[in-house]
Amino acid sequence: MEPITINTLRTFEALASVPDEQLQWLIDTCEERVLPEGTLFVKPGDPMVGPHFIISGEFAAFVSQSNSKRELGIFGAGVITGYLPYSRGKTSSVYMKVRNEARILTFPTERIREMIKDHFELTQALVHVMSNRVREFTAFMQQNEKMMALGKLSAGLTHELNNPASAIVRDSVSLREHLRLEPETFKKLTAIKMDSMQVDIVNDELFRVLAETDRPRLSLKEKTKREEEIADWLDRLDIEDAYDMAETFVDFNFKVADLENFKKNIPDAFLSPVFGWINTLLVTEKMVEDIQESARRIAELVKSVKTFTHMDRGADKQYADIHIGIRNTLTMLGYRKKKGNITLVEDFDFTLPPVKALIGELNQVWTNLIDNAFDAMDQNGKGTLTIKTEKDKEFVRVSIIDDGPGIPEEIRSRVFDPFFTTKEMGKGTGMGLEVVQRIVNQHNGSIKVSSVPGHTEFVVCFPING
């Protein structure tokens, strides 16, 4: 095995401009080690030591999330890892395992002060390595946070889209089966002898009732009572399937008086087939309405996603109604509201003017804060989420309030720190509120938190005109 020389260290990009005497001092001070393949070199919680200079071989770095391993990268010859000068990190947050037999130089951490005092260029080079590492790790964690947020939104959309999509499939199958029964209805109709004036009156009366789209919402008691009245009326006239028809007629807001209007223009002998035909039309109409409603719901969700991501706009600040973004966020997280048995209180000031902002970025703020509120209230199995908007001179204030257990005083000052999280492994990256604060700062605003048991309030404040 060839000895490690100054020229060996010159192959490290970070050390290329460090004077020879400092590199020689580094070689003389370090311990050389050869690590077999499969060696677990570092694990989370281990004290950070080093720095380590990888001469040959490879290390795999990974984290554990949701009981699975997520690889962060492969580090080979020329990489400097471990503790670095001025680093505030004291313990490792990742695993590092030898992938191919590795040869490294390890600097004794206890001599870092000596390095800083007597070897300026070497220290400067390693500080530059540290700043690159922080930048790269922050970018990775921010991307991880976005992926976790995307996962939450995807789960929400899956729940929200599944219901109307399933309803469309179910109703379309029912409609097809229903239409197959039409020939029997047609046969009964062809035996009816009514003049054209009677037919026109029946048609006009039918479409008059159908045109009333503002149908009242009946309580279960009211609905049952009306169904019984109509069923009794139909039954007295020996109308077939009277009780099944009654339910359909009530759905379309028919009353006994409406049925009397039909009866006046239908010969008694043909009452049953005509009312059967009307019922068939109404059932078809109801199925089509249900399919339209489900399709409209899907279209609204897709529109919400488009507006939420703001993907039809540029990257510059735009004037927009802030309530649209908040409500779209609530749509995206609707499944969490249902699952958590959450009551929503919208205390919105609709006199607020349009706000100039990066709307897609602000939606990340609402997503993080509202999702965190849902997480907090999960512990109680229910809760109330209050969202308040108001104008404060030239600023807009948005308050997001939950009635969860609150944030303990000892950690309240740290909730905006990068990588700080109270969630279990795999459920939080610790970047959520740091990202929120960064976006709010982008908007020349502020975010504050106050919390006591039963009342946690995050207040976001930023200029209306951007």
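Among the listed residues Leu362, Leu352, which satisfies the condition of being in a loop (DSSP other than H, G, I, E, B) and in contact (Cβ under 8 Å) with a residue 40 or more places away in the chain? Spell out the reasoning first.
Details: Leu362 fails: in a loop (DSSP other than H, G, I, E, B).
On inspection, the qualifying residue turns out to be Leu352.
Would you be able to tell me the number of residues in segment 194-253 that are polar (S, T, N, Q) and on the phi > 0 side of the Ramachandran plot?
Qualifying residue count, segment 194-253: 1.
Report yes if some residue within segment 114-131 is under 25 Å from Leu433 (Cβ atoms) and in a helix (DSSP H, G or I); otherwise report no. Break it down stepwise before answering.
Residues of segment 114-131 that are under 25 Å from Leu433 (Cβ atoms), as a first pass: 130-131.
With in a helix (DSSP H, G or I) added as a condition, the list becomes 130-131.
Yes, there is a match, as at least one residue in segment 114-131 is under 25 Å from Leu433 (Cβ atoms) and in a helix (DSSP H, G or I).
Limited to segment 7-39, what total is found for residues that are farther than 22 Å from Met130 by Cα and of a type in the set (Val, Ile, Thr)?
Summing the residues that are farther than 22 Å from Met130 by Cα and of a type in the set (Val, Ile, Thr) in segment 7-39 gives 2.
From (1) assigned to a loop (DSSP other than H, G, I, E, B); (2) in contact with a helix residue (DSSP H, G or I) (Cβ under 8 Å, 6 or more places away or on another chain); (3) closer than 17 Å to Tyr319 by Cβ, pick out the condition that doesn't hold for Pro405.
(3)
Take the conditions modelled with pLDDT of 90 or more and among the hydrophobic types (A, V, I, L, M, F, W, C) and apply them to Ile400. Does it pass?
The answer is yes for Ile400.
Can you report the number of residues in segment 90-126 which are within 43 Å of the chain's Cα centre (by Cα), over 17 Å from Gly73 (Cβ atoms) and buried (at least 16 other Cβ atoms within 10 Å of the Cβ)?
Looking only at that region, the number is 2.
Looking at Lys393, Lys388, which one is without any contact (Cβ under 8 Å) to a residue 12 or more places away in the chain, surrounded by fewer than 19 Cβ atoms within 10 Å (Cβ to Cβ) and either under 15 Å from Asn341 (Cα atoms) or out of contact with any His (no Cβ under 7 Å at 6 or more places or on another chain) (or both)?
Details: Lys388 fails: without any contact (Cβ under 8 Å) to a residue 12 or more places away in the chain.
After ruling out the rest, the residue left standing is Lys393.
For Arg103, indicate whether it is modelled with pLDDT of 85 or more, more than 18 Å from Leu40 (Cα to Cα) and among the charged types (D, E, K, R). Walk me through how you get there before you give the answer.
Working: modelled with pLDDT of 85 or more: yes; more than 18 Å from Leu40 (Cα to Cα): no; among the charged types (D, E, K, R): yes.
So Arg103 fails the test.
Looking at (1) buried (at least 16 other Cβ atoms within 10 Å of the Cβ); (2) out of contact with any helix residue (DSSP H, G or I) (no Cβ under 6 Å at 6 or more places or on another chain); (3) outside the structural domain of Glu32 (by TED's automatic domain parsing); (4) of a type outside the set (Lys, Arg), find the lone condition where Val129 falls short.
(2)
Could you check segment 56-85 and list, in sequence order, the residues that are in a loop (DSSP other than H, G, I, E, B) and modelled with pLDDT of 80 or more? Full working, then the answer.
Of the residues in segment 56-85, the ones in a loop (DSSP other than H, G, I, E, B) are 66-67, 76-79, 82-85.
Within segment 56-85, Gly76, Ala77, Gly78, Val79, Gly82, Tyr83, Leu84, Pro85 meet the criteria.
Against the definition (within 24 Å of Leu330 (Cα to Cα) and modelled with pLDDT under 85), how does Gly428 come out, yes or no? Break it down into steps so the answer makes sense when it comes.
On the way: within 24 Å of Leu330 (Cα to Cα): yes; modelled with pLDDT under 85: yes.
Yes; evaluated as a whole, the condition is true for this residue.
Are any residues in segment 25-71 closer than 23 Å to Ala125 by Cβ and aliphatic (A, V, I, L, M), and if so, which ones? So that I can check it myself, show each step before the final result.
Keep residues of segment 25-71 that are closer than 23 Å to Ala125 by Cβ, which gives 25-33, 41-42, 48-59, 61.
Passing the criteria: Leu26, Ile27, Val42, Met48, Val49, Ile54, Ile55, Ala61.
Yes or no, residue by residue, for (1) surrounded by 13 or more Cβ atoms within 10 Å (Cβ to Cβ); (2) farther than 15 Å from Thr280 by Cβ; (3) not charged (D, E, K, R):
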residue	(1), (2), (3)
Glu205	yes, yes, no
Arg208	no, yes, no
Arg215	no, yes, no
Leu220	no, yes, yes
Glu227	yes, yes, no
Asp232	yes, yes, no
Leu237	yes, yes, yes
Tyr243	yes, yes, yes
Phe249	yes, no, yes
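Could you list, in sequence order, all residues of segment 30-50 that are of a type in the set (Lys, Arg) and in a loop (DSSP other than H, G, I, E, B)? Write out each step before concluding.
Taking segment 30-50 as the starting set, the residues that turn out to be of a type in the set (Lys, Arg) are 33, 43.
The one that is of a type in the set (Lys, Arg) and in a loop (DSSP other than H, G, I, E, B): Lys43.
Within segment 307-322, does at least one residue satisfy the condition of being at pLDDT below 80, surrounded by 16 or more Cβ atoms within 10 Å (Cβ to Cβ) and among the hydrophobic types (A, V, I, L, M, F, W, C)?
yes
Sort out which residues of segment 325-337 are free of Cβ contacts under 8 Å to residues at least 60 places away in the same chain and not small (Gly, Ala, Ser), and write them in order of number. Let's see the steps before the verdict.
Going residue by residue through segment 325-337, those that are free of Cβ contacts under 8 Å to residues at least 60 places away in the same chain are 325, 327-330, 337.
Arg327, Asn328, Thr329, Leu330, Lys337 - these are the residues of segment 325-337 that are free of Cβ contacts under 8 Å to residues at least 60 places away in the same chain and not small (Gly, Ala, Ser).
Quick check on segment 22-38. Is at least one of its residues surrounded by fewer than 15 Cβ atoms within 10 Å (Cβ to Cβ) and under 39 Å from the mean Cα position of the chain (by Cα)?
yes
Examine segment 135-158 for a residue that is at pLDDT 80 or above, closer than 30 Å to Lys338 by Cβ and out of contact with any strand residue (DSSP E or B) (no Cβ under 6 Å at 6 or more places or on another chain), and state whether such a residue exists. Working first, answer last.
Our first condition is that a residue be at pLDDT 80 or above; within segment 135-158, this holds for none.
Taking every residue of segment 135-158 in turn, none turns out to be at pLDDT 80 or above, closer than 30 Å to Lys338 by Cβ and out of contact with any strand residue (DSSP E or B) (no Cβ under 6 Å at 6 or more places or on another chain).
For Phe462, all conditions in the list (1) among the hydrophobic types (A, V, I, L, M, F, W, C); (2) within 19 Å of the chain's Cα centre (by Cα); (3) modelled with pLDDT of 70 or more hold save one; what is the number of the exception?
So the condition that Phe462 fails would be (2).
The values are calculated or read from the model by the stated rules, or taken from the named source; none is laboratory data. It should be emphasised that the depicted structure is a prediction, and the values quoted were computed from it without experimental measurement. In this analysis, Cβ positions are derived from the backbone assuming ideal geometry, glycine residues included, and neighbour counts consider all displayed protein chains.
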